[in-house]
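The values are calculated or read from the model by the stated rules, or taken from the named source; none is laboratory data. From a predicted model like this one, the values you see are computed outputs, not experimental measurements. Counting neighbours? That spans all protein chains shown, and the Cβs are built from the backbone with ideal geometry, glycine included. Side chains are part of the model used for accessible areas, which takes the heavy atoms of the whole protein and leaves out ligands, DNA and RNA. Shrake-Rupley method; radii C 1.70, N 1.55, O 1.52, S 1.80 Å.
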Amino acid sequence: DGIVDLKPLMHEVTGQLHQGFGGDRRKIILRVNVPSYNTDADTAIPLTLFVIEALTNAFKHGFESLSAKGTISVELVRLSPERLKFIVADDGQGVILDMAPRQQNTGARLIAAFAHQVGGVVSTSQREGGGTVVELEFPDKTGGAGGVPQLPTSTTEKPAVNVGAADREMDRVADPIG
């Protein structure tokens, strides 16, 4: 029943995935905008697994070619005092969205299971101009005390922290939200 701050956890996990998939070598920029958010381990674990699976899919399917380059972003935003949303978006080649549930791959089924564990809903969409957006909207069990400020609905205007060779030390990077 420990309390987990998602900010350092997400920076560590996403940085490891970026390194493991050769993000720097492949010139794939990873932007992480996850403010401090303290939650219980029963929520943190499926949220982390959601981000891992969605990010893995972005690296594997959005940028299949080893010469492909682009950007992947991971964000946590507040929709209302009671609702939060994780967003994993890439500007890669995109994925097929209109599959029946029984035709979905293992990753899509895992993402749906992780969403269910936190009482959330997953949506996947194509980005205008190419790429994929995977979103997990879920209830905030902290009642708004988790530390994520209400943000504008446009995710393109918010600053993000680049996680790459030059920015490995997350403690030395200013909090993009304040």
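All conditions in (1) modelled with pLDDT under 95; (2) open to solvent by 10 Å² or more (accessible area, probe 1.4 Å); (3) under 20 Å from E137 (Cβ atoms); (4) out of contact with any Lys or Arg (no Cβ under 9 Å at 6 or more places or on another chain) hold for D40, with the sole exception of (4). Could you tell me whether any residue of segment 10-22 is in contact with a Phe, Trp or Tyr (Cβ under 6 Å, 6 or more places away or on another chain) and open to solvent by 20 Å² or more (accessible area, probe 1.4 Å)? Yes, some residue in segment 10-22 is in contact with a Phe, Trp or Tyr (Cβ under 6 Å, 6 or more places away or on another chain) and open to solvent by 20 Å² or more (accessible area, probe 1.4 Å). The set of residues in segment 12-51 being under 14 Å from D90 (Cα atoms) and not in a strand (DSSP E or B) consists of T14, H18, G23, K27, V51. Within segment 49-68, at least one residue is without any contact (Cβ under 8 Å) to a residue 40 or more places away in the chain, among the β-branched types (V, I, T), under 19 Å from H116 (Cα atoms) and touching a helix residue (DSSP H, G or I) at 6+ places or on another chain (Cβ under 8 Å). For segment 146-166, does any single residue satisfy the condition of being modelled with pLDDT of 65 or more, of a type outside the set (G, A, S) and farther than 22 Å from E82 by Cβ? Within segment 146-166, not a single residue is modelled with pLDDT of 65 or more, of a type outside the set (G, A, S) and farther than 22 Å from E82 by Cβ. Candidates in segment 1-27 are the residues that are closer than 9 Å to I72 by Cβ and at pLDDT 95 or above; of these, the one that is nearest to the chain's Cα centre (by Cα) is T14.
Filtering segment 83-109 down to residues that are open to solvent by 50 Å² or more (accessible area, probe 1.4 Å) and at pLDDT 90 or above, which residue is nearest to F50 (Cα to Cα)? Only one residue tops the list, namely R83.
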